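See structure below.
The values are calculated or read from the model by the stated rules, or taken from the named source; none is laboratory data. Note that this is a predicted model, so its numbers are computed, not measured. Note that we place each Cβ from the backbone using ideal geometry, even for glycine, and neighbour counts take in every protein chain shown.
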Amino acid sequence: MKVLIGGKTLPVVITRKKMKNITLRVSKDGEIRVSCPHYAASAEIERLIYSNEAWILDQQLRRQKENEINREGVNGPVVYWLGEKKYVRYLPAKRDSLFIEGDILTFFLKEESDERIEKTFRKAAAKTLLDLCEERRGEWDRKICRDHYLKEPEISIRYMTSKWGVCYPQKAKIVLSTRLIHYPLECMEYVLLHEYVHFLVPNHSRTFYDTVRRHMPDYAFRKKLLK
Ligand SMILES: [Zn+2]
């Protein structure tokens, strides 16, 4: 079944079982789910959904926010690391560090405080991102810098909330946001190239994106993942 909620056509997952009433809920992913008796008519289910439209929209917004918080922070039970879901656990240790194995992300902490967790996470994220940048920069150093007689940039990682990347062409510097660690590697690769291309085109004009596309034909898909 499909319904029109908040101007969008959304699927409804219906589970029929031995029960008396129809119940409605919104799943963690924002999906509309209905449980109902075997004999419940579609019209009846639809009526229940439409009379709860405002409630559904509110629930979906809440779920979306919860998911966003889990992506941003590390205090939730789950964190996204390079686009993969990791379950977080905390263990006492002499020194603060972060260790990832399979789908478990372990914080080893001298004491469990938000401040320490945040610092440890950002340090590990910055190191991982920087190593990945160093592995990938060669092509852009060659095609963008050397071929245009430009200095190869110094790349650093910093915690930034309003931007994914910044570049300073005068100083030959590129800074990427630590928050890229939550997204698939393709996203970081795109932001890195984006900043390199700014050495050639300072604005976001058509020429800019044409240049990005020439080096990375699927850039639009990567860019969309960051939204
Ligand atoms: Zn830009």
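Quick notes
- Filter pass, G102 being in contact with a His (Cβ under 9 Å, 6 or more places away or on another chain) and on the phi > 0 side of the Ramachandran plot: no
- Check on E152, more than 20 Å from the chain's Cα centre (by Cα) and closer than 22 Å to M216 by Cα: yes
- Some residue of the stretch 68-75 being acidic (D, E), more than 30 Å from L4 (Cβ to Cβ) and under 17 Å from the mean Cα position of the chain (by Cα): yes
- Conditions (1) at pLDDT 85 or above; (2) closer than 30 Å to E189 by Cβ; (3) among the acidic types (D, E): number failed by E68: (1)
- Number of the condition not met by L185 [criteria: (1) surrounded by fewer than 19 Cβ atoms within 10 Å (Cβ to Cβ); (2) under 14 Å from the mean Cα position of the chain (by Cα); (3) farther than 14 Å from L132 by Cβ]: (3)
- Considering (1) assigned to a strand (DSSP E or B); (2) modelled with pLDDT under 90, the lone condition that Y80 does not fulfil carries the number (2).
- Pairing residues of the stretch 1-25 that are on the phi < 0 side of the Ramachandran plot with residues that are in a loop (DSSP other than H, G, I, E, B) and at pLDDT 90 or above, at Cβ distances under 7 Å and at least 6 apart in sequence or on separate chains, gives V12/M1; V13/E31; I14/M1; R16/H38; I22/A40; L24/N52.
- Filter result for I14 (in contact with a helix residue (DSSP H, G or I) (Cβ under 9 Å, 6 or more places away or on another chain), among the β-branched types (V, I, T) and over 30 Å from F121 (Cβ atoms)): yes
- Residue match in the stretch 30-47 (condition: over 27 Å from K224 (Cβ atoms), outside any strand (DSSP E or B), without any contact (Cβ under 8 Å) to a residue 12 or more places away in the chain and not small (G, A, S)): yes
- Of the residues screened, I45 is not one that is closer than 30 Å to V78 by Cα, in the same structural domain as R62 (by TED's automatic domain parsing), surrounded by 12 or more Cβ atoms within 10 Å (Cβ to Cβ) and in contact with a Cys (Cβ under 8 Å, 6 or more places away or on another chain).
- Candidates K65, K86, filtered to the one that is under 26 Å from R222 (Cβ atoms) and either surrounded by 14 or more Cβ atoms within 10 Å (Cβ to Cβ) or in contact (Cβ under 8 Å) with a residue 24 or more places away in the chain (or both): K86
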